[in-house]
Every structure is written in C-alpha cells, then in structure tokens.
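The values are calculated or read from the model by the stated rules, or taken from the named source; none is laboratory data. Computed from a predicted model, the values in this text were never measured in an experiment. All Cβ positions, glycine included, derive from the backbone under ideal geometry; neighbour counts span all protein chains shown. Accessible surface areas use protein heavy atoms only, side chains included; no ligands, DNA or RNA. Shrake-Rupley method; radii C 1.70, N 1.55, O 1.52, S 1.80 Å.
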Amino acid sequence: MSSSISEQMERELMRKLKDPRVRYLDYFSGEFDHVAHLTPDRVAQLHTLQSIDALVGRVWSAIASSPLPDTTALVVVSDHGMNTEEGVYSQGYNLVDWFTSAAGGAHHVITNRHPMTEFKLKGIDPFVSEVITPSQESAYLAGESGQYPTVVLDLDGNERASIGLRNNTLNLLQILLEQLTRKRLPGNVRRAAIDAFFEILGRERPAWTRNVAALEEELRALRARIEMQQKRAGAEPSQWTREQRDLGLDKDARRQANRLEAWKAEDRAYSDYASTISRLLALDPSDFDPGKFKIEEVIPRRSLGEPNSIHALQNYVVGPGPDGLLVAANGNLDMEKSFRTLDYFSAIGALSVRNNVQKAVSPHPVDFIAVPVKDGIWLRGSEDRQALVFTRHNAAGRLELRYMPVSHLKQDAAGELHYDCPDWSAGFPLELLEDPLLDVPPAEREAWLGEWHEELDWLRAVYRTKYSNGIIGLAEELLSDPAPSPYLERKRRLRRADLLVFASDHWNFNVRGFNPGGNHGSLLRVSTHSVLLISGGKDTGIPRGLRVATPYDSLSFVPTILALMGKPEPALPGPVIAELLATGH
Ligand SMILES: [Zn+2]
C-alpha cells in the first residue's frame, strides 16, 4: 500500500501534462527523507535516489511528448538537507520524559504527536493534533493534566525543539490558591500568602488589564467578520454545476466554511480566556475567600497565558518549596524558600547522558538555545559561551545584523539585560570566528563580525560555514515585522515559543520514534543545504549547463518560478535567481 499514493500522483501528473490548459503541476516525494530517517545505510539510500532519478526521467520524457515541450520547465527542489552519515546512528533525547520528571519541573506536557508512536496502537491515528503526557511527579497539579498542561513541545523540527512554558505568574498564583484552599495553613502563613497573592497580581494588573481590554476589542472585530462570513456562507448554492466545479468554486466555498468554523472556535477560546483573567483581576483583598470560588474560574485552563520573559525562565516556579509556604522574619512570605524554582537555560544546557555509546556523538544533546531579546537574539551555548545578535533596519529599510560574544547573561525583574563581554575565542555559538570557510580574512574577522552588515552580505560570508546561513535564519524565525492587524500580531506572539533549542550534531528530539538514520532541522549546513535543478524547453530562456555559484536561500524559490512564468511578484521577500533570467525574459 505505501507506494500506492505516489503511483497515483504520478499517473495524475502524466495525465495533466497532456492538458495544455494546465500551466503548473507539482509532485512531492518524501521517499528519500523517509528512508534516510530510518537508516544511514548507503546502499538503501542510493536505491531510493535511483528510483527518484527514474521518476524524473519519466516526467522529462512525458514533457517531451506533451503539447507544450518548448515552454515547459522541470524544476527539482529539496526543502532541506539530511544529516546522515554511514556508521553513525542519530541519537534521540526524550524532552517529554525530562519535562515530566521532577528534574525538569514535573510538568504535564502537550505534544502534537504520540510519543513513541511505534510502540502503541494509538499512534496509528494520523489525525492527532494534541497529546498530553501527564507527569507522575507533579508538585501541585497532580491528576489535572487535562486541565493544566504547563509545557507545550513542538518536536517536529527533529534537530530542534520549540518549547513553550506556562506564564510563570500563573504558576505562582495557582500554587498560592492551591495552598490556601487545600491546606490548613497557620494564621500568619495564611495572611502572608494572601498578601503575596495580591502583591503578585498587583504587579501584573496594569499589563493584564490592558491586554484583556485589547483582546476584547479584537474579538468584537472578529465577531463582525464571523457575521459577514456567515451571510456569505448562507448565500452559497447547495448544488454545484459542472462548470462551477471546474472553476473550483465548490472548493472555495468549502474553504470559506472551514475558515468560519476556525474563527468561531478562536472566538470561544479567547473569550473564555478573557473572562477567566477578568475574574482573576477582579478578586478583592478586602473580600477574599478562596473557598468561595473554584480555581479554574480564575486560572485559565489549557492556556499558557502571556509569554515568559528571560527573567521568568531563569527563575521559573515549578512548585512549592520542600517545606511548603514559609514566613520570613518580617512577617512576609519568604519568596525564596516557599517555592522551588528552575533556571531553564542552565538546566536544558546542562542535559547530558551517562551512557556515551558512540565516539562521534557527544554526551550533550543540546547545542545551544535561542531566544529573542529587544532588537536581537540571545544565543546560549553555556554560561561562558553566549552571543547577542543585534538587528536594525538601515535607511533603505533592509535588515542589518551584527554579532557580539557575551557570557553570563541575566535579565533582572525590571527587564534589563546584564552580561559580560569576554574576549573573542573559539567555541561561541555558530562557531564563526574559527570556521575555515568563513569568507572573511582571519585578521579582519573579529572586527567584521562585530560590524553591521546587510543580510545578503552575511549570506555570502557565512553560507559555507558549519552553521551555514544560521545567523540570518534565526533572525527570520525569531524576529519579524509586525503583522497587518493587532489580532494577527497577538496570535503570532502567542504562537512563538519561549525557547528554541538546537540539538548537537547527530542528536534529535523526535520523540515520536527517534530516527536513527539521520535528521534535519538544525542550522548545520548538512541539514539546511538543499538542491535546486532547473531544466527548460528551448523557448523558456533557461540557460543550459549553467552552475549558479551565488548562494541563495529558499525565499528565492517562489519569486524565481513566478518570474520564469512571466508573473513576477516583486513584493515577495527573497531575490529572484538572476542567473536563470539572464537570457530571454
Ligand atoms: Zn524529514
């Protein structure tokens, strides 16, 4: 069965090639990706490449005998490379197990796939979008995994993981409420805990009040759109003619109907969140009785809340202290001793395995962590080896970057960053200074890396290095221009993970079933380097036998194809591959 879908796709592709009205066709093969994930064996991988090669040959022959051979181009592109090496097994590190353990904070964890799929029948269901793995060691949320998962993991990057942790203040407030409602606290502890609760809430109150008000305004606009969309859906015909179907109108209507359902679901979930936070903000110290309400009425369920600051992640509350809540000499709650905290940067950076079974693979699964900071990105390899990548836009509106080695970065409660500026040496994140393939003369490197350069200059200088165009890829991933509306900007901000963790060479986080053959998703050149081959009929103007030496990244793909089709879209990001359009056009 496994090859039946690709065989059917090929048959359809060949049939459509004969139809001169069809101007664009594509075919996706995950075959090499699949095999190379499974095994580093050279013969098995070669066999797959040969079968893809044969497919390309069949398509090329079909184009030659199609009605439009002279104006048709065949384009072969891969979306990434593959970190696979004969004799080396890619090792998996299970971040789900770590986060559910006491050492990792004893969180209930949400993933978008079943962990260890290969070993359970549930894993066969392909339509899963959310799986909760409960912690058996939860410090204050035991048995509440369905209501209060506190970590969201996206491990589909394989060689990278996106990690979202629940807002630290929600943890603090929930622990205090939990202690106040479920424990018989002595009078002075109880008073101190209530004071602490309102002091913490008071600190967040201005920002959270503004935020809920803005969200409610955005939701009113969303509801207006829902109403319009509903009218539009009501006006659609219930039967479609053949002609309408050929134009794709029935599919368009289905898309619009799905969009309507998605908007309604968003409205429900965000409204729920807004009213829960509003009830929390409305709690009044003069009339406060934790027995009068349920925790889920004031602490939003199934929500991470607002994103965490670096300060919060460096002082992240994972449970009450070993002796519960304690009162300091001045009568206030002792905030140090009353809670157990973790610094997630050092904890994740320090992960290691005891059984080091392969010489080529280090015992440390994590290479570095990346997080956005004001006007840049912080890269953390270890306490001593860190970097800040600063960004700005120049007069022409183009992004510029510069790199600075730092160490011991901390953020204080007010949001200020504090760090040391060590001398340059080898071993800082992205390993640019020492890379033999960095296209900057060794004597000029320290100065060059610290100066502002445009993205394209960075691409030319770094594309052959160990981490390839990682520095601009990180800026692309972690920083972006504001979205066209406050609501879209909010969704984008909420989707952004707290921590982006990159795996060390030959490590992966694919907890679905650790791909032993190889992986991709890191910034390593072997994982990011991709293939682009274009061959066109004689009227396409595509040069023959030309090897393009200029580096381009995948943002150039779509603008180039559109330009070749005579439908240029200059507003798209990424330059057109000029060499392909040099003749003709
Ligand atoms: Zn893959």
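Before moving on, here are some points about what is shown:
- Largest-first principal axis extents, alpha carbons of region 48-102, Å: 66, 26, 13
- Every pair of different Cα atoms in region 362-503 enters the Kirkwood calculation, which places the hydrodynamic radius at 16.1 Å.
- Amide H partners (placed H, <5 Å) of Asn515, local residues excluded: Asn510
- Förster radius 30 Å - calculated FRET efficiency between Asp41 and Ser101 (Cβ-Cβ, nearest 0.05): 0.30
- Long pairs among Lys18/Lys491; Lys410/Lys491; Lys183/Lys491; Lys294/Lys491; Lys292/Lys337; Lys337/Lys410, criterion Cα-Cα beyond 32 Å: Lys18/Lys491; Lys183/Lys491
- Proximal aspartates and glutamates relative to Lys466, as straight alpha-carbon distance under 12 Å, when same-chain residues fewer than 8 apart are discounted: Glu431, Glu434, Asp435, Asp505
- Expressed as a whole percent, the accessible area of the chain that falls on carbon and sulfur atoms is 53 (1.4 Å probe).
- Those residues of region 555-569 whose amide nitrogen sits under 20 Å from the label point placed on Asp539, 7 Å along Cα→Cβ: 561-568
- Prolate/oblate/rounded label for region 178-230 (Cα gyration tensor, a/c 1.5): oblate
- Sequence-distant aspartates and glutamates (8 or more away, or on other chains) whose Cα lies within less than 13 Å of Lys16: Asp26
- Aspartates and glutamates with Cα under 19 Å of Lys538, excluding same-chain neighbours fewer than 8 positions away: Asp70, Glu579
- Unit Cα scatterers, Debye sum, region 245-288: log10 I(q)/I(0) for q = 0.14 Å⁻¹: -0.54
- Over all distinct Cα-Cα pairs of the chain, the Kirkwood formula returns a hydrodynamic radius of 27.6 Å.
- Rolling a 1.4 Å probe across the protein heavy atoms gives the chain an accessible surface of 54 Å² per residue.
- Summarising the amide proton neighbourhood of Glu383: residues at separation of 5 or more, or on other chains, whose placed amide H is nearer than 5 Å comprise an empty set.
- Membrane-span-like helices in the chain, defined purely by DSSP H runs whose alpha carbon atoms cover 30 Å or more axially and whose average Kyte-Doolittle hydropathy reaches -1.0, are 42-64, 187-234.
- Loop GluC sites (Glu not before Pro), region 423-487, which have at most 13 other Cβ atoms in a 10 Å radius of their Cβ (DSSP): Glu451
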